[in-house]
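What follows draws every value from the coordinates through simple rules; no lab data is involved. Everything numeric here is computed off the predicted structure, so don't read it as measured data. All Cβ positions, glycine included, derive from the backbone under ideal geometry; neighbour counts span all protein chains shown.
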Amino acid sequence: MCGFLFSDQPQAKEDFLSKLALIDYRGPDHTGYLKIENLHFGHVRLSILDLDPRSNQPFRYKNLTIIYNGEIYNYLEVKAELEDNGYSFNTESDTEVLIIGYHAWGSKVLSKINGMFAFIIHDSETDTIFGARDRMGVKPMYYTLANGIFEVCSQLGPIAQNKGYTLNEDAISMYLDCKFIPSPYSIYQEVQKLEPGCYFEYALKDKKLKIERYWDLQKVQKFKGTYNEAKEQLKLLLKDAVKIRLYSDVPLGSFLSSGIDSALVTSIASQINNTKLNTFTVGFDDKIKDESGVAEKYAELLDTNHKTLFCNPDDILENLPTLLKVYDEPFADDSALPSLLLNSMTKKHVTVALSGDGGDESFLGYGHFESLLKYRLIMNMPYHLRKVVLGIIKVFVNVQPRISSALLVRRKHQFMERIFSRMGLLLLQSKNGWLRKYDHYRLLSKDFIQQAADLNTKLWLENDSNVKVDRASMAYAVEVRSPFLDYRIVEFARTLPINYRLRLGNKKRILRDLLSDYLPQDLFNLPKRGFSMPLTNWLRNELKNDVLQTIDDTFLSSIPNLNTVYCKKVLGEHMSGAYDHTESIWKLYVLAKWLNQQNKEIVS
């Protein structure tokens with residue numbers, strides 16, 4: 001787990017290393033540098049496997065040079081296959097396995113490896129750069145081709161040191177829609193993100209970039225077995241996914257909340273691990289949001305070494321500079337701050353931590369999946385009939401305004417779009433239709449709920465959850481490993497019938513049944529509070545003055561397409577307690593803070 005920077009820009013070693021130093025928190029154990037003709041390779045290492053300096057990067061094998069961030073979980077299996085093909089190894093690292101695998105198979109090595117990764121390999125014989133990003137987008141990769149310069153980096157910050165980059169107005173609109181900037185876009189017009197499941201080849205001489213996709217979600221193939229057969233098969237997959245993520249030459253632990261996913265991962269790891277597992281959670285004084293009590297009960301039953309860190313409003317302002325620094329671009333998932341705090345505590349005890357991230361997407365754990373199930377019959381009706389039926393239902397049932405509005409869209413797929421970008425629809429006065437980029441994922445399944453799950457995976461998981469976890473963990477040099485993001489589990493889950501995963505009042509059904517083998521159901525069937533801050537009240541009290549000073553008229557008038565009248569209304573209604581506009585206000589607040597830090601103004 002590390003960070004890297006590549007550049008073909010003519011520059012002094014000191015200038016290159018000063019840019020690399022902006023992400024040295026990702027890899028505090030060693031800084032490596034190599035220059036090949038006019039090419040600069042930089043790497044900051046967080047040592048996890050083979051702590052010996054022989055595994056430091058940049059790493060060379062014959063005509064190849066690699067800089068790499070991530071872990072190849074099945075590297076021992078791939079290594080054995082390479083040895084059968086006559087290759088020998090000088091280290092115990094997965095880095096050497098990856099570069100030799102590329103030497104043996106070229107881009108086909110990507111179909112053989114299972115892991116989280118972003119890497120580039122320079123081939124001195126062909127004078128090309130090969131780069132790839134893992135299937136689920138766990139590890140980030142930014143690149144730029146601006147002004148004839150090719151640079152690739154684990155984060156945006158070092159690349160953004162180049163002068164003359166312009167803020168991307170469309171990206172800001174996307175952010176205001178959904179609180180993050182989705183790939184391949186970045187906050188700057190000149191910088192892109194390599195999308196997950198893709199690789200590129202760059203010809204240094206011709207300055208031509210070719211991008212190919214090697215993995216993606218496919219049309220759903222229905223599972224033919226019984227529910228119990230599905231449960232047994234999933235259990236075997238999960239056990240293996242956890243097992244291969246326990247390989248480590250440094251101390252290891254697990255994040256543990258009140259949720260099903262982290263509890264199941266921790267339960268399996270506790271059985272497999274040779275030593276008593278360390279577990280960690282964040283708690284709040286606000287009992288509505290606090291889930292530390294349930295996590296502590298889990299830990300007691302699983303016999304782990306458990307630690308809880310309590311978060312208060314002062315931690316928010318104290319950690320905002322860290323959030324703005326390590327996230328590089330505006331990012332308004334309010335659970336990012338407690339994630340930073342959790343990792344800061346975790347680092348004092350372990351360097352590697354397992355997590356339950358990814359379980360909600362594959363096994364339908366979010367509330368909007370239940371809403372889709374609940375209203376699926378209505379959504380299958382023609383628009384005019386749906387309007388009449390909804391009017392009748394509202395006479396007898398209290399339907400939330402957000403759901404009611406979403407149900408009255410003319411096209412069924414727009415219901416999902418409202419779910420994923422509902423808060424931006426009023427903040428902005430115009431829409432650029434960027435969600436159409438994801439239209440083809442609706443063709444992979446005939447089931448409305450699976451379509452939503454696929455959109456959740458390709459839009460939210462990659463650009464929100466994975467970004468949050470990567471930056472929050474790397475800020476404190478912690479490597480987070482998520483068994484539910486194993487592509488084998490993602491692929492298998494999509495084959496399962498919806499009712500294996502979701503029933504009204506029983507989200508993540510199959511995971512709950514698996515967890516009952518380890519923990520009593522009456523404990524984990526309590527309502528999930530979510531890993532987020534009690535931000536609604538904090539914005540009205542402890543953070544109120546700073547919020548109002550930050551979201552001022554100067555800021556509001558500088559943002560293209562922003563509905564400033566509505567924004568002021570939102571602020572007033574929230575501060576008075578009339579309505580809860582937490583998500584909208586937090587997005588505006590983070591954007592304003594980021595712009596102030598960059599000392600830039602958007603020019604319409």
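Report note on the peptides 165-171, 434-440: ranked by the mean count of other C-beta atoms within 10 Å, highest first, their order is 165-171, 434-440. Each peptide in 221-228, 37-44 receives the mean, over its residues, of other Cβ atoms within 10 Å, and ordering these scores from highest gives 37-44, 221-228. Taking the average, over residues, of other Cβ atoms within 10 Å as the packing measure, peptides 125-131, 365-371, 182-188 rank 182-188, 365-371, 125-131 from highest down. Average projection, convex hull of the Cα set of region 535-598: 4.1 square nanometres.
Taken over the alpha carbons of the chain as equal point scatterers, the Debye sum produces base-10 log I(q)/I(0) values at 0.11, 0.12 Å⁻¹ of -1.12, -1.35.
Placing +1 on the Cβ of every Lys and Arg and -1 on the Cβ of every Asp and Glu, with no other charges, gives region 2-213 a dipole of roughly 300 debye about its Cα centre.
What separates the Cα centres of region 17-93 and region 336-390 is a distance of 35 Å.
The charge dipole of the chain, taken about the Cα centre with unit charges on the Cβ atoms of Lys, Arg (+1) and Asp, Glu (-1), comes to about 2400 debye, rounded to the nearest 20. Among Val570, Val152, sorting on how many other beta-carbon atoms sit within 10 Å of each Cβ, with the fewest leading, yields Val570, Val152.
A simple rule links phi to the HN-Hα coupling: the Karplus curve 6.51 cos²θ - 1.76 cosθ + 1.60 with θ = phi - 60°, which for region 260-274 gives 5, 5, 5, 5, 5, 4, 5, 4, 5, 4, 5, 6, 7, 5, 6 Hz, with x for Gly and Pro. When the Cα positions of Asn162, Gly32, Tyr199 are compared along the charge dipole of region 2-213, Asn162 comes out farthest toward the positive end, with charges on each C-beta of Lys, Arg, Asp and Glu.
Dividing the alpha-carbon radius of gyration of region 232-391 by the rule-of-thumb value 2.2 N^0.38 Å gives 1.29.
A simple charge model with +1 on the Cβ of Lys and Arg, -1 on the Cβ of Asp and Glu and nothing else charged puts the dipole of region 62-136 at about 240 debye relative to its Cα centre.
When the charge dipole of the chain is built from unit charges on Cβ atoms (+1 for Lys and Arg, -1 for Asp and Glu) and taken about the Cα centre, the candidate among Gly358, Thr226, Gln521 whose Cα reaches farthest toward its positive end is Thr226. From helices alone, the chain scores -12000 deg cm²/dmol at 222 nm; the rule is -39500 (n - 2.57) for each run of n ≥ 4 DSSP H residues, then divide by the residue total. Ordering Ala146, His122, Met174 by the projection of their Cα atoms onto the charge dipole of region 112-185, which places +1 on the Cβ of Lys and Arg and -1 on the Cβ of Asp and Glu, puts Met174 at the extreme positive end. Amide H contacts for Thr279 (H built 1.01 Å from N in the peptide plane; partners 5 or more residues away or on another chain; cut-off under 5 Å): Ser254, Asn305, His306, Lys307. Please report the antiparallel percentage of the DSSP beta bridges confined to the chain, to the nearest 5. Counting only bridges with both partners in the chain, antiparallel ones make up about 75 percent.
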